[in-house]
Amino acid sequence: MRVDFHSEVLGLSTSMTVILPQRTSSQIGLAGSARRGDPPVLYLLHGLSDDDTIWLRRTSIERYVAPLGLAVVMPQVARSFYTDEEHGNRYWTFLSDELPRVCHQFFRLSTRREDTFVAGLSMGGYGAVKWALRDPGRFAAAASLSGALDVAARHHHPTAPLDAAVWHTVFGARAVTGSDDDTLALLDKVAGADQPALYVACGTEDFLYEDNLTFVEAARERGVPLTVDFSPGTHDWAYWDAKIQDVLAWLPLRADA
């Protein structure tokens, strides 16, 4: 379903696309499933050029989650890097505070940490890891597909810098390195066993592969465990459609369907 609603944080109307589990027996070629009690939820985040509908339009995410009894919430955050923008709107506050509250007001969703997950691609991979590391008590697991996981390096990157206008809007002149918008710095704040399970996937031909290598090396240096999937692939939907299936298989979903 496509849900239009008003965000008090943003001060405007926005949208999210939501998949809710439904137990079915008469659909042709698809068996829907629903779990006992409130369903687990995956917050699935979009990339820089996209919106809340993109995962549904470019992958078969609805078909992939149907047998899992998993709800999927896909919010819209423009080109914000899931950040309270320096010269824009408060998308981090919207994502991390208002969106979950609105979702739980609108829908029956589990509130248990062990039933709550986040994933995303590119800018959304960055957003997923940042959210999980800044609020580890919320999530059991977080996954990044081709994520911009060393965002500070994107400012003046010699071959693939972030667009200057986007950087100015989102980060302005503030220092990103060492801040709560720096996923590398956030690794230092992860509290041992309290951290969510982390999954990092990136194609070896992706222009963000270097960022992912940097993040993985930093995590290993700090003793932060994570699942790593580096394999041939580029920054495209063929890769993400395949890898989101791997993420769903990796999620620690309860077996009590």
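Every read-out reported here was derived from the displayed coordinates using simple, explicitly stated rules and does not represent laboratory data. On a predicted model such as this, the values are computed, not experimentally measured, just so you know. Cβ: placed from backbone, ideal geometry, glycine included. Neighbour counts: every protein chain shown.
A few comments on the model shown:
- Within region 184-203, at least one residue is assigned to a loop (DSSP other than H, G, I, E, B) and more than 30 Å from P67 (Cα to Cα).
- Any hit, region 140-162, residues being surrounded by fewer than 13 Cβ atoms within 10 Å (Cβ to Cβ) and either touching a Cys at 6+ places or on another chain (Cβ under 7 Å) or among the acidic types (D, E) (or both): no
- Residue check, D38 within 16 Å of C103 (Cβ to Cβ), among the charged types (D, E, K, R) and touching a Lys or Arg at 6+ places or on another chain (Cβ under 6 Å): yes
- When the criteria are applied in full, A148 fails the requirement of being part of a strand (DSSP E or B) and under 22 Å from V77 (Cα atoms).
- Residues (farther than 16 Å from G120 by Cβ and among the small types (G, A, S)) located in region 203-241: A218, A219, G223, S231, G233, A238
- Residue pairs meeting the criteria (Cβ under 7 Å; at least 6 apart or on separate chains; first buried (at least 18 other Cβ atoms within 10 Å of the Cβ), in region 169-190; second part of a loop (DSSP other than H, G, I, E, B) and hydroxyl-bearing (S, T, Y)): V170/S80; V170/T83; D181/T83
- Taken together, L70, L95, L44 contain a single residue that is within 23 Å of G172 (Cβ to Cβ), in contact (Cβ under 8 Å) with a residue 12 or more places away in the chain and surrounded by 21 or more Cβ atoms within 10 Å (Cβ to Cβ), which is L95.
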